[in-house]
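S.K.: I have a structure I would like to understand better, so I am pasting it below and will then ask my questions one at a time.
Derivation of every value follows stated rules applied to the coordinates shown; laboratory data play no part. Fair warning: this is a prediction, and the values are worked out from it, not measured in the lab. As a convention, Cβ positions derive from the backbone with ideal geometry for all residues, glycine included, and neighbour counts pool all protein chains shown.
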Amino acid sequence: MGTPPEPAMMRRSQRSRRRLPRRAAVGRRSFVATMRALEELADAGAQVSVHVIDLDTGSQVLAGDDHVTLPVAGLGVVPLLIEVAAGFESGTLDPLEIVDRASTDAVTTSGIWRSLRAPALPLSDLAVLAASVGDPLAVNILLEQVGLDRVRQRIEALGLKHTAVLDRFRDVRGPDDAPHVAVGTARELAGLFSALVNSKAVDAAVSAQVSEWLSLNHDLSLVAASTGLDPFAHDHDAHGLLFINKTGQDRGVRAEAGVLAGPRAGVAYSMIVCFDDLSIAHRLRAHDAFRVLGVELMEYTH
């Protein structure tokens, strides 16, 4: 397999010459509004976790209960994509192998592929579907192709001690099924995205491929809602904003991890909120907290 195209987030040198001195961002380091929003959620009974790393210095910018393992839903796709990219790179997986969606159990609650006429797609296209829209059929087939054990081994090799992919996507979770698709900590997930954009997740080629896939993610409804980016084309922003992310959403679970870089600074971030989804108000309050973090990350990086 040839060297994959260089994704937007790997082209950080393009902004290095025009970035303001680090001291210019000193007055923009406050995340008071984010902490207030998370405290209000915690007071209402939610479990919250957040971690933000400065990509230039490697220093911790923000942290709150970032060591607590929580369900992260579709964020578990990221280590799976890393294992898939590593398989493509090593030749153990053929990116052009065609797989029929009838080979796995149907998932009817979400996804794009279930509405497409094409009954079969190559593994490389399934990786794009998994990264861009979190398509559950695509994710499940990729997981079957590489095997849950290999994904777990990859997670261990990446040094993630409190992150795990537990199961495939299902319409209904029975008593014999794992309770969640994946679990993780905000600290480890932010660190994983930092490793991706710094070419340290397996190697430079794998990091670049996974970053490229994640740059296609369409879900900008949480932290990314504050960026003003086009959900369908945000890898060449006219204002020098570089961004990749992945979200996870399930009943009572909202999670996001990613990288945001602007002319002042770059950060890797992760936030997880688990809440009682008793009403629209409960859900919107959780979403609002993510958007508050997004605003303050924009202030930090710009």
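S.K.: Obtain the nm distance between the two label points defined at residue 100 and residue 69 by a simple spin-label model: each point lies 7 Å from its Cα along the Cα-to-C-beta direction.
M.R.: Here the modelled spin labels are 3.9 nm apart.
S.K.: Hey, what do the phi angles of the range 115-128 turn into as Karplus ³J(HN,Hα) couplings, whole Hz, using 6.51/-1.76/1.60 and θ = phi - 60°, x for Gly and Pro?
M.R.: 9, 8, 6, 5, x, 9, 9, x, 4, 5, 5, 5, 5, 5
S.K.: With a ≥ b ≥ c the root eigenvalues of the C-alpha gyration tensor of the chain, is it rounded (a/c under 1.5), prolate (a/b larger than b/c) or oblate?
M.R.: oblate
S.K.: Let me have the 222 nm mean residue ellipticity of the chain computed from DSSP H runs of 4+ only, each contributing -39500 (n - 2.57), with the sum over all residues rounded to the nearest 500.
M.R.: -11000 deg cm²/dmol
S.K.: With a ≥ b ≥ c taken as the square roots of the eigenvalues of the C-alpha gyration tensor of the range 124-251, please select rounded if a/c is under 1.5 and otherwise prolate if a/b is larger than b/c or oblate if it is not?
M.R.: Prolate, because a/c is 1.5 or more and a/b exceeds b/c.
S.K.: For the range 226-275, which chymotrypsin sites (Phe, Trp or Tyr not before Pro) pass both filters: DSSP loop (anything but H, G, I, E, B) and at most 11 other C-beta atoms within 10 Å?
M.R.: Sparse-neighbourhood loop chymotrypsin sites (Phe, Trp or Tyr not before Pro): 232.
S.K.: For residue 99, what residues show an amide H to amide H distance below 5 Å, using hydrogens built from the backbone and excluding near sequence neighbours?
M.R.: 121, 123
S.K.: Gain in length, residue 172 to residue 43, computed as 0.36 nm per residue apart minus the alpha-carbon separation, to one decimal in nm?
M.R.: 43.4 nm
S.K.: Taking H as built 1.01 Å from N, whose amide H comes closer than 5 Å to the amide H of residue 68, not counting residues under 5 places away?
M.R.: Here 186 satisfy the definition.
S.K.: Hey, rough spin-label estimate for residue 60 and residue 282, points 7 angstrom out along Cα→Cβ, what's it come to in nanometres?
M.R.: 3.0 nm
S.K.: Subtract the Cα-Cα distance of residue 33 and residue 109 from 0.36 nm times their separation in residues, and report this length gain in nm to one decimal.
M.R.: 23.9 nm
S.K.: Can you run phi through the Karplus equation (6.51, -1.76, 1.60; θ = phi - 60°) for the range 138-150 and list ³J(HN,Hα) in whole Hz, with x for Gly and Pro?
M.R.: 5, 4, 4, 5, 4, 5, 5, 5, 8, x, 4, 4, 5
S.K.: Once you sort the root eigenvalues of the Cα gyration tensor of the range 68-199 as a ≥ b ≥ c, which label holds: rounded (a/c under 1.5), prolate (a/b larger than b/c) or oblate (the other case)?
M.R.: Oblate, because a/c is 1.5 or more while a/b does not exceed b/c.
S.K.: Return the sequence-ordered ³J(HN,Hα) values of the range 213-226 in whole Hz as given by the Karplus equation 6.51 cos²θ - 1.76 cosθ + 1.60 applied to θ = phi - 60°, using x for Gly and Pro.
M.R.: Each residue of the range 213-226 in turn: 4, 5, 5, 8, 4, 8, 7, 10, 8, 10, 4, 5, 4, 8 Hz.
S.K.: Pull up all non-local amide H partners of residue 244: gap of 5 or more, or a different chain, and H-to-H distance under 5 Å with H placed in the peptide plane.
M.R.: Sorted by chain and number, the residues that satisfy this are 259.
S.K.: Let me ask another. Give the relative contact order (percent, whole number) for the chain; include only Cα pairs under 8 Å separated by 6+ residues.
M.R.: 28 percent
S.K.: Next question, about the same structure. Taking the Cβ of residue 170 as the centre, find all other residues whose Cβ is under 15 Å away and add up their charges (Lys, Arg: +1; Asp, Glu: -1).
M.R.: So the surrounding residues net to -4.
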